[in-house]
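Written below as structure tokens is the structure these notes are about.
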Amino acid sequence: MANRTLNLLDASWLLVESHETPMHVGALMPFSLPDGAAPDFIKKIMADFRSASAVQPPWNRRLKSPKFKGLVPVWEEVDEIDLEHHVHHSALPAPGGERELGQLIARLHSQPLDLTRPPWEVELIEGLEGGRFALYTKVHHSLMDGIGGVKLLVRAMSDDPKASMKFAPFWTIKPEHKPAKPKKRKTRQEDPVATVAQAAAGLIEMVKGQAGTVPDIARAFGTMFSAVRNKNDVLRIPFEAPVSALNGRIRGPRRFATQRFELERLKSLAKAADCTLNDVVLCLCGAALRRFLDELGELPDKPLTAGIPVSVRPSDDDDSGNAITFIISTLGTDIADPLERLDAIRASTRRAKEHVQSLPRQAMMQYTLLLMTPYMASLLTGVGGRTRPMFNITISNVPGPDKPLYFRGAKMEASYPVSLVTHGQALNITCQSYDGHLNFGFTGCRDSLPHMQRVATYTGEALSELESVLAKTGSKTQAAGSSRSKPKLSSQRGKPAATKAAPAAAAPKRKPRLKKRD
């Protein structure tokens, strides 16, 4: 049985755990049945799941002292797992449509994990339209981040439907790679004093090793403070976000919605607008939130900002745990024109990336911890959702497999992330690419955001609007004799398309000040 001390970033997710704000993340994966599937196909999968008791790391890790999880938390590996607790079977009532599936996922995701056990669960869901089924998994964020989770899940599937017929459940697959660890003096694992001493020694070594990064971190924060005084600097800093309907206190129940776009469709827009795919995603989210809040009569004059997790995990690192930092970007919700909004987002993300990339990799964890400390402190002290937010919403983009995957011959149709929300962050939008599509998962507080599913719908309408405006701009540019074959953001702007996705399209292009509705 092996012990493993959590790093400070992983431990922070345990510190802010509460009944209203459980810190687990998940995924919804619908599957289509293989040709000629037997009537008991799903029943056999469930039977195999329940019998697959050879649980491998990290799925066999639990907190050594869950009641004192904030005091030097340690993972211990256990040999026996109660799979009836971790693996469940449910069915949707007819007709088993997307609405019913979303309601079930929202209810399942509202329930905290039992931290006295390995913090993960799986739900096998049958009864979807067309004879399909789905897998919903959830795991505590202290155990792994989104990219690490995707890697572990993918290893249980194959791009060959025939080869996948023999694949075992993901929790039984042995890790492919373990980072080399220095040898340590053996101590009795059951001795709590020895465990604390080891953890303290590890922390001291970490501090010694990171001492050289202090000047880099000080310079990074100095740049952020300078941006406050320099109005021409587009670098967004923490706690300059406006207060909005997204940023109050939350309760336990959740809402969940999905959206799905062809990846090539988004990449074509990014190429035409000379920006990144992530910039297009942020622009669609900004447009959807602008419309959603405007309909509520609660659209702030200042633009909403997004906290964007950025992975710093090496490509060959299959270890669990978290390896991320954050950048902050405007969402341009104060701008009616889609292209001007995209222009503002592109400038903001480029500046933010330049800021983070100026840091050496060994300074990333310390920088991230210092950056997120006020946010974590607000949750621990109970002021979260009662003061100005660090940023208005978290928007993530997790890369996934680019080929279709199969589990026992059943094709995975999509993979929708199901994320976490907190006090002051009532909505989370996470995307994952898979097999030529980008899958959006919208997770929100049920009580804070009525009709939250409309945000998912509005992103689709925002995409159509952006395509229309770019097409018109390209036509005008070519008619004027431009030498460019693709329109750039600095080219002549077309007026906002008169679609439902832009309720304030008649307002001035630059930073309209919208009055709240009565």
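Assess whether Leu380 counts as being in contact with a helix residue (DSSP H, G or I) (Cβ under 9 Å, 6 or more places away or on another chain) and over 28 Å from Ile45 (Cα atoms). Spell out how you get there, then give the answer.
On the way: in contact with a helix residue (DSSP H, G or I) (Cβ under 9 Å, 6 or more places away or on another chain): yes; over 28 Å from Ile45 (Cα atoms): yes.
So Leu380 passes the test.
The condition (being among the hydroxyl-bearing types (Ser, Thr, Tyr), over 25 Å from Ala462 (Cβ atoms) and over 22 Å from the mean Cα position of the chain (by Cα)) is satisfied by just one residue among Thr381, Thr325, Thr373, Thr368: Thr381.
Within segment 357-380, the set of residues being buried (at least 19 other Cβ atoms within 10 Å of the Cβ) and either not in a helix (DSSP H, G or I) or not assigned by TED's automatic domain parsing to the domain that holds Ile308 (or both) comprises just one member, Leu359.
The set of residues in segment 408-418 that are farther than 20 Å from Arg99 by Cβ and either without any contact (Cβ under 8 Å) to a residue 24 or more places away in the chain or surrounded by fewer than 24 Cβ atoms within 10 Å (Cβ to Cβ) (or both) comprises Arg408, Gly409, Lys411, Met412. It is to be established whether one or more residues within segment 339-353 are of a type outside the set (Asp, Glu), closer than 16 Å to Gly307 by Cα, modelled with pLDDT under 85 and not assigned by TED's automatic domain parsing to the domain that holds Val150. No. Listed by position, the strands (runs of 3 or more DSSP E) inside segment 61-136 whose residues that are buried (at least 19 other Cβ atoms within 10 Å of the Cβ) number at least 2 are 61-63, 74-77, 120-126. Screening segment 274-303 for residues that are hydrophobic (A, V, I, L, M, F, W, C) and out of contact with any helix residue (DSSP H, G or I) (no Cβ under 6 Å at 6 or more places or on another chain) and picking the one that is farthest from Leu246 (Cα to Cα) gives Val281.
Just need a number here: residues in segment 1-19 that are at pLDDT 90 or above and surrounded by fewer than 16 Cβ atoms within 10 Å (Cβ to Cβ).
First pass over segment 1-19, keeping only residues at pLDDT 90 or above: 14, 17-19.
After this cut, where a residue has to be surrounded by fewer than 16 Cβ atoms within 10 Å (Cβ to Cβ) as well, the list is 18-19.
Count: 2.
Here is a yes/no grid of residues against (1) farther than 18 Å from Gly26 by Cα; (2) in contact with an Asp or Glu (Cβ under 8 Å, 6 or more places away or on another chain); (3) at pLDDT 95 or above:
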{"residue": "Leu427", "(1), (2), (3)": "no, no, yes"}
{"residue": "Thr430", "(1), (2), (3)": "no, no, yes"}
{"residue": "Asp435", "(1), (2), (3)": "yes, yes, yes"}
{"residue": "Asn439", "(1), (2), (3)": "no, no, yes"}
{"residue": "Cys445", "(1), (2), (3)": "no, no, yes"}
{"residue": "Leu449", "(1), (2), (3)": "yes, no, no"}
{"residue": "Gly460", "(1), (2), (3)": "yes, no, yes"}
{"residue": "Leu463", "(1), (2), (3)": "yes, no, yes"}
{"residue": "Leu466", "(1), (2), (3)": "yes, no, yes"}
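Checking Ala245, Ala270, Ala220, Ala257 one by one, the residue that is touching a Phe, Trp or Tyr at 6+ places or on another chain (Cβ under 8 Å) and at pLDDT 85 or above is Ala257 and no other.
Tell me yes or no: at least one residue of segment 381-392 is touching a strand residue (DSSP E or B) at 6+ places or on another chain (Cβ under 6 Å), buried (at least 23 other Cβ atoms within 10 Å of the Cβ) and not aliphatic (A, V, I, L, M). It would help to see each step written out before you state the result.
Within segment 381-392, the subset touching a strand residue (DSSP E or B) at 6+ places or on another chain (Cβ under 6 Å) is 391-392.
Adding the requirement that they be buried (at least 23 other Cβ atoms within 10 Å of the Cβ) leaves 391-392.
From the residues that got through so far, the ones that are not aliphatic (A, V, I, L, M) too are 391-392.
For segment 381-392, residues touching a strand residue (DSSP E or B) at 6+ places or on another chain (Cβ under 6 Å), buried (at least 23 other Cβ atoms within 10 Å of the Cβ) and not aliphatic (A, V, I, L, M): present.
Taking the criterion of being part of a strand (DSSP E or B) and either farther than 24 Å from Gln103 by Cβ or touching an Asp or Glu at 6+ places or on another chain (Cβ under 6 Å) (or both), the residues of segment 1-31 that qualify are Asn3, Arg4, Thr5, Pro30.
Got a sec? Which of Val196, Val150 is part of a helix (DSSP H, G or I), touching a strand residue (DSSP E or B) at 6+ places or on another chain (Cβ under 7 Å) and at pLDDT below 85? Exactly one of Val196, Val150 is part of a helix (DSSP H, G or I), touching a strand residue (DSSP E or B) at 6+ places or on another chain (Cβ under 7 Å) and at pLDDT below 85, namely Val150.
For segment 253-311, the set of residues classified as surrounded by fewer than 23 Cβ atoms within 10 Å (Cβ to Cβ), basic (Lys, Arg) and under 30 Å from Pro22 (Cβ atoms) consists of Arg260 only.
The values are calculated or read from the model by the stated rules, or taken from the named source; none is laboratory data. From a predicted model like this one, the values you see are computed outputs, not experimental measurements. Because the Cβ atoms are built from the backbone with ideal geometry, glycine has one as well, and the counts that use them run over all protein chains shown.
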